[in-house]
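To keep things clear, I will list the structure first and then write my remarks on it.
The values are calculated or read from the model by the stated rules, or taken from the named source; none is laboratory data. This is a predicted model, so every value here is computed, not measured. Here the Cβ positions follow ideal geometry from the backbone for every residue, glycine too, while neighbour counts run over all protein chains shown.
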Amino acid sequence: MNLEPIILTGGVVAVLLWAGLAAYVLHIDRRRTAARSVVAAILDTLSAADVRSVSTAERLTRVVPLLDRISRDMILHTAADGSTPRDTVDVLTTHLVERWGIYTLVREASFHRKSRDIWRRTASMKVLFHLNHPQVVDILSRAVESSSAEVASVGLTLLGTSSDERATGILIDALKQRKQSPSRIAVHLEHSPLRPAGAYRPLLRDADPLVRFWGATLLAEYPEFDWVESELALLVTDVDARVRKAAIQSLGRVGDEVAASAAMQLLRDPAAFVRAHAARALGELERSDTAPAVAELLGDHDWWVRTAAKHALEAMGSEIWPVLMRCLDHPDEFVRNGAAEVFQNLGILDSLIVMEAASDDPSHTKIDLLRRIAAAGGLRLTDSLIERSGTAAPRIRNLLTSMGLEQVGAA
């Protein structure tokens, strides 16, 4: 059997099919390019100063001939694009409703059958939200339940910017039922224009520790409510360490006396991250009277706790220097080194050594203090000090040498 004619015919057919596909792709690409050009022309027309000054109806009249040249999908896509100016969206949504009816938008925003229809559903949701349609909150509520992450995400985002009081309840319900990522839902609640502090109060007593955690976290934004501090303080004895951490973290932002008392209680918490946040809370509250208790954490076995203690002491200011002085003689190397670092970060060390290095008759008391700080901080501290001193470096190096600290190691 002669196969050459068959092979030749097959080759010709393949070439023709390939050429046809290439031509089709080229045609589609040209249509898309042309449509984008029309959209650009519409946006340019509507952004012109003389056009922006007239009513939406008049502006629509100006661009109807251009709108008739592109598909409904292109108009919908442009209207739902977050970068499209709001007054331009007004024109496009008016055209969509007048030409295709509001029911079409409601239907498309309510469900999708195929994955390729997801974009149309989310775009319609955005348009209905822009129009403040009476059914939009119910539509967004169903969107949050969607198995499509994209649909649910858009639903959450729009609910988070809604001024409808029902939106908060939907978001909180979604958080409690973990319909989507609780952290993502919490972000949207944080940015809600409604500021629903009262709605978070019941979350603090929920059976689910994750819900209590987010309730405590969200209340950090409401220092103006007197009840917030006392309610959060009840959670410092929660059985879940994450909840205790969230409570003290928020108390550091909204509290006062009760918060300080709660933080002091948690400085001995068995969970390292709770101890760390308790120290940070006292720093944020600028409670210098608690410096001795916080300074004890400079010797904590957990690095994160030691770091938090240093930051807290720095936040309390230079008035805590007597506490730091006592730490310089502590038997624990971590405590001595941490105190020296706080001295440095508060600027006390730099001020002392620059002044004494420039003096012809350095104070013996201050020299002794410098020696103790430098010895506690070690070689890294003295090297850092010289590096920061600029043109004064030679004098400071000489002073350190005269103090016997040119090769300091942690004592």
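The figures follow:
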{"read-out": "Selection status of VAL89, closer than 21 Å to VAL151 by Cβ, surrounded by 14 or more Cβ atoms within 10 Å (Cβ to Cβ) and in contact with a helix residue (DSSP H, G or I) (Cβ under 7 Å, 6 or more places away or on another chain)", "value": "yes"}
{"read-out": "Residues of the stretch 245-301 that turn out to be part of a loop (DSSP other than H, G, I, E, B) and either of a type in the set (Ser, Thr, Tyr) or surrounded by fewer than 21 Cβ atoms within 10 Å (Cβ to Cβ) (or both), as a count", "value": "7"}
{"read-out": "Given (1) more than 29 Å from ASP240 (Cβ to Cβ); (2) buried (at least 19 other Cβ atoms within 10 Å of the Cβ); (3) not basic (Lys, Arg), index of the condition GLU333 fails", "value": "(2)"}
{"read-out": "Candidate set: the stretch 134-153, residues that are outside any helix (DSSP H, G or I) and touching a Ser or Thr at 6+ places or on another chain (Cβ under 9 Å); chosen: the one modelled with the highest pLDDT", "value": "GLN135"}
{"read-out": "Hey, PHE129 touching a Lys or Arg at 6+ places or on another chain (Cβ under 8 Å) and surrounded by 19 or more Cβ atoms within 10 Å (Cβ to Cβ) or not", "value": "no"}
{"read-out": "Identity of the residue in the stretch 254-303, more than 23 Å from VAL228 (Cβ to Cβ) and in contact with a Gly (Cβ under 7 Å, 6 or more places away or on another chain), that ends up modelled with the lowest pLDDT", "value": "SER288"}
{"read-out": "Qualifying positions in the stretch 223-238 - assigned to a loop (DSSP other than H, G, I, E, B) and under 10 Å from VAL254 (Cβ atoms)", "value": "PRO223, GLU224, PHE225"}
{"read-out": "Test for ALA216: is it crowded, with 23+ Cβ neighbours inside 10 Å and not in a loop (DSSP other than H, G, I, E, B)", "value": "yes"}
{"read-out": "Qualifying residue in the stretch 236-254 (condition: under 22 Å from LEU189 (Cβ atoms) and over 22 Å from the mean Cα position of the chain (by Cα))", "value": "yes"}
{"read-out": "Qualifying position, being within 19 Å of LEU76 (Cβ to Cβ) and of a type outside the set (D, E, K, R), among LEU189, LEU156, LEU128", "value": "LEU128"}
{"read-out": "Selected residue (only one of LEU158, LEU140 is touching a Gly at 6+ places or on another chain (Cβ under 6 Å) and touching a residue at least 24 places away in the same chain (Cβ under 8 Å))", "value": "LEU140"}
{"read-out": "Residue check, VAL136 under 23 Å from THR78 (Cβ atoms), within 19 Å of the chain's Cα centre (by Cα) and aliphatic (A, V, I, L, M)", "value": "no"}
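Matching residues to (1) at pLDDT below 90; (2) within 25 Å of VAL97 (Cα to Cα):
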position: ALA22; (1), (2): yes, no
position: SER37; (1), (2): yes, yes
position: SER47; (1), (2): yes, yes
position: ARG59; (1), (2): no, yes
position: THR84; (1), (2): no, yes
